[in-house]
Amino acid sequence: MSAREIIGLIFTFIVIISLRVHGYLQITEHEYTLMHYTKLISEQHSTDGRPLVIVLPLSEEDSTNKEVGYLIEDLHTSGRWSIMVYNVSYKMNGNMYTEIHQQGNYIILISGLCKDWEDPISRFWQQMYNMLVGNYRMHSWNPKDNFLVSVMSNCLNVENTKFSRAILNELWLEEVMNAAALFLKSNKQTGNDLQQNTRNSAQDMYLELHTWYPYENSERCNPIEGNVPVKVFKAQNFSDIRKSEILREYLNKNIHKCRLTVHAFFGLPFVNLSKSVWYNYSENQHVYQDGWEIELLNIIGKSINVSLDIIVGNEKEYRKDLPTVYAGGHATISS
């Protein structure tokens, strides 16, 4: 083999190795690890053309630190989205600008004291409430997009699934169906300071990504029923994150016979009068079988393998079941 061939072989080997290693950069190879991977995940799943929303922690100390500053600056530098930063703890007097354009993905940063595990969750609820009050929700709130919640508190005394289940539940109640929580963990944790922990060796650090998949099968449909498990993915590099399939679309063409609530309101020719049917040998139940919209819903229900629960809209109290469909006209329902 000639010298030129040997040099070419060595160069090819180096190029292949460098390409393979790039996807396996260790978690600790960045100064602000949690925010760095929050940025990477957000970039992978964000919708171009819509504003990216970053909700700051309630604590002023946490919302103004260098870690959060890096996240905002780096996302802004990429130039792919306009960025809206919400500091929900800031009290403003007078008129406040109301965003009227529908927003894209959301990054929510939460922190809190670890002595009481409910403290970070209580702050998260306050962030959500303050973000949704007033006209903001009506005009720009977009629960159909992706929500990434990065937990800055590194609590050693509580299982992370306690945090993530409470976070996912709250988002579900606000009609968010595609969400994930992100935690930075260490096998040798010594405190609650994430910056201190990022100085540990690469093999000691890893990310935990928490999410769930409602409607995965007929026994795990609605998280409100408490039977949808939180799934935890452990990642030590960005390739692991890609394999985790977080923020995936889980509502596909097969809903596995899970129940879909339909609030029906009489209105010809869309919904015909209900019929009284003797139910379970104990009572009469009103069912809707005829009407353009009822027939269309039955066709769609069969095609996606969903069980329709068609109830009398003006006789039943509004239930916050997801997903919910309204048939037969429009009604104003107090919440």
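The values are calculated or read from the model by the stated rules, or taken from the named source; none is laboratory data. All figures in this text were calculated on a predicted structure; none of them were measured in a lab. Cβ coordinates were reconstructed from backbone atoms using ideal geometry, including for glycine residues, and neighbour counts include every protein chain displayed.
Yes or no: the range 241-251 includes at least one residue that is of a type in the set (Phe, Trp, Tyr) and modelled with pLDDT under 85. Talk me through it step by step, then tell me what you get.
Here is the first cut: in the range 241-251, the residues of a type in the set (Phe, Trp, Tyr) are 250.
From what is left, the residues that are modelled with pLDDT under 85 are 250.
Yes: one or more hits.
Can we say Gly291 is surrounded by fewer than 17 Cβ atoms within 10 Å (Cβ to Cβ), more than 30 Å from Ser46 (Cβ to Cβ) and either at pLDDT 80 or above or of a type in the set (Ser, Thr, Tyr) (or both)? Don't jump to the end; show me each part of the working.
Working: surrounded by fewer than 17 Cβ atoms within 10 Å (Cβ to Cβ): no; more than 30 Å from Ser46 (Cβ to Cβ): yes; either at pLDDT 80 or above or of a type in the set (Ser, Thr, Tyr) (or both): yes.
No; evaluated as a whole, the condition is false for this residue.
Would you check which residues across the range 238-259 are over 21 Å from the mean Cα position of the chain (by Cα) and either part of a strand (DSSP E or B) or under 24 Å from Thr161 (Cβ atoms) (or both) and list them?
His256, Arg259
For residues that are in contact with a Pro (Cβ under 9 Å, 6 or more places away or on another chain) and closer than 24 Å to Glu60 by Cα, scanning just the range 137-157, find the one that is modelled with the lowest pLDDT.
Taking the range 137-157 as the starting set, the residues that turn out to be in contact with a Pro (Cβ under 9 Å, 6 or more places away or on another chain) are 140, 151-153, 155.
With closer than 24 Å to Glu60 by Cα added as a condition, the list becomes 151-153, 155.
Values: Val151: 95, Met152: 93, Ser153: 87, Cys155: 84.
Filtering the range 137-157 for residues that are in contact with a Pro (Cβ under 9 Å, 6 or more places away or on another chain) and closer than 24 Å to Glu60 by Cα, the one modelled with the lowest pLDDT comes out as Cys155.
Look at Leu173 and say whether it is surrounded by fewer than 16 Cβ atoms within 10 Å (Cβ to Cβ) and modelled with pLDDT under 95. Full working, then the answer.
Working: surrounded by fewer than 16 Cβ atoms within 10 Å (Cβ to Cβ): yes; modelled with pLDDT under 95: yes.
So Leu173 passes the test.
Among the residues of the range 121-136, is any of a type in the set (Lys, Arg) and modelled with pLDDT under 90?
From the range 121-136, those of a type in the set (Lys, Arg) are 123; that's our starting set.
Those still in the list that are modelled with pLDDT under 90 too: none.
Within the range 121-136, not a single residue is of a type in the set (Lys, Arg) and modelled with pLDDT under 90.
Given the options Thr38, Thr33, name the one that is within 20 Å of Asn142 (Cα to Cα), modelled with pLDDT of 80 or more and buried (at least 18 other Cβ atoms within 10 Å of the Cβ).
On the way: Thr33 fails: within 20 Å of Asn142 (Cα to Cα).
After ruling out the rest, the residue left standing is Thr38.
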